[in-house]
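Read the structure below first, then the notes.
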Amino acid sequence: MHGGAVQQTGTSRRALCCGTLTALCCLPALRAQAALLADQPLALAEVAPGIHVSQGVHAEATADNLGAIANIAFIVGSAGVAVLDSGGCALWGRRLREAIGRVTPLPVRYLVNSHVHPDHIFGNAAFRADTPEIIGHAKLAAALAARGAFYLDKVKAALGPLAAGTEVVPPTRAVADRLEIDLGGRTLRLQAHPTAHTDNDLSVLDLATGTLLPADLLFMQRTPAIDGSLNGWLAAIDALRRIPAARVVPGHGPTVADWPAALDAQDRYLRRLRDDVRAVLKAGGTMEQAVDSAGRSEQGQWRLFDDYNPRNVVTAFAELEWE
Ligand SMILES: [Zn+2]
C-alpha cells in the first residue's frame, strides 16, 4: 500500500469511530469481534510445495480485516521456516504464527520484511518468542525510524483496540545487495532493489520451486502505489522480467504462473501514467491538471483506483518535472 496510507474510506469509518471517539460504547463489540477473528483459522493456500500464502483483500486496513490487505507467505524447509512479511497488526501476526504451528513444528528462523509499509510488517511483534533474524533491505531501518511511529498511529486509528500489541520492530540484519538463506535443503535468494515501489524493496526467490515473491514490486488487480520512484519502478520491472520464475506471488493479488506476463498490466499502467504526466508537463500544465487526466484511461482496470491514482500522479509529477 501507499506510504501515506490508511485512508478513511466508507468502509473504515467504523474503525475510526472505535479508535478515537466511542471506545466505551463499542469495546465489548470489538472484544467479541477480536475473539471471533482469533477463532477463525487463517485461510492459507499452498501455492508450491512448502510455500503457504495468505492472500490479502483489496480494501483499506480496517478492524474488520485486521489490516490483512497484503499477501503474506511462509516457506518451510527441512530445518526451519522463513516468514515473508508478518501482516498489518500483532493480532493478525499471532494468527499467522498459530497457522504456521499447525503446518510444521519447525522453528521460525527468519522473518523477512519486504519493505516499510505497515500492511506488510506490523505483525512482527507476534514472532518475538521465536527470536528470528529479521531481515530487510539496507534502507529499511532508516525508513522505519522515519515513519514507524506515524504508521503505528495510522494502524491504531484504523484498528482501534484490535491494534493492541502492535509495535515497530526493526530489522536485525540488512541486505545491501543479495543474501541467500538456507532453510535446510532449500535456499531463498533475497535481492535488495534500487528505489522503485519504495526505497527499501526486497524480493525473495525460492530456488527449490522457482517461486518469486517480489512483494509490492508487483501489484495485480489493486492499483499500484508509488512511494519511491516511477522511473525506478519501471526499471525494476525490467530487472524482474529477467528472473526465470515458474510462478509469482505478488504483494497484492493472486498467485499466478504466467511469468513474466504477470508484470504486463502494472508495466502498462506505470508507463501510461509516466507518458500522461510528461505530456502535461511538456504543455506547461499544473499538477491539478495532471491529477485530472493522467492515468485516467486505466481507471476500469484496477481496484481502489480513485484512492491511489491521484496520489501516484502527484508523486510522479514531482519526480518527472525535474527530468
Ligand atoms: Zn507497499
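The values are calculated or read from the model by the stated rules, or taken from the named source; none is laboratory data. Only a predicted model underlies this, so the values are computations on that prediction, with no experimental measurement involved. So basically every Cβ, Gly included, is an ideal-geometry build from the backbone, and we count neighbours across all protein chains shown. Each accessible area value is taken on the protein alone, full model and side chains, heavy atoms only, with ligands, DNA and RNA left out. Shrake-Rupley method; radii C 1.70, N 1.55, O 1.52, S 1.80 Å.
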| task | Select from the stretch 115-143 the residues that are open to solvent by 10 Å² or more (accessible area, probe 1.4 Å) and touching a helix residue (DSSP H, G or I) at 6+ places or on another chain (Cβ under 9 Å) and write down the one among them that is farthest from the ligand (Cβ to nearest atom). | result | Ala129
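Can Ala208 be described as hydrophobic (A, V, I, L, M, F, W, C) and more than 22 Å from Phe74 (Cβ to Cβ)?
Values: hydrophobic (A, V, I, L, M, F, W, C): yes; more than 22 Å from Phe74 (Cβ to Cβ): no.
No; evaluated as a whole, the condition is false for this residue.
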| said: Which pairs turn up if I take residues in the stretch 129-143 that are farther than 17 Å from His117 by Cβ and look for partners that are surrounded by fewer than 20 Cβ atoms within 10 Å (Cβ to Cβ) and hydroxyl-bearing (Ser, Thr, Tyr) with beta carbon separation below 6 Å, at least 6 apart in sequence or on another chain? | reply: Glu133/Thr172
| field | Whichever residue in the stretch 62-91 is assigned to a strand (DSSP E or B) and open to solvent by 10 Å² or more (accessible area, probe 1.4 Å) and, among such residues, is nearest to Thr166 (Cα to Cα) | value | Leu84
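Give, as residue ranges, the strands (runs of 3 or more DSSP E) completely inside the stretch 158-225 that count at least 1 residues that are over 16 Å from the mean Cα position of the chain (by Cα) and of a type in the set (Ser, Thr, Tyr).
Numbers: elements: 173-175, 178-182, 187-192, 202-206, 211-219.
Per the criteria, 187-192, 211-219.
If the requirement is being farther than 12 Å from Leu140 by Cβ, modelled with pLDDT of 95 or more and open to solvent by 40 Å² or more (accessible area, probe 1.4 Å), which of these qualifies: Asp199, Asp206, Asp177?
Of Asp199, Asp206, Asp177, the one residue that is farther than 12 Å from Leu140 by Cβ, modelled with pLDDT of 95 or more and open to solvent by 40 Å² or more (accessible area, probe 1.4 Å) is Asp177.
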| said: I'd like the full set of residues that are touching a strand residue (DSSP E or B) at 6+ places or on another chain (Cβ under 9 Å) and in a helix (DSSP H, G or I), limited to the stretch 226-238. | reply: Trp233, Ala236, Ile237
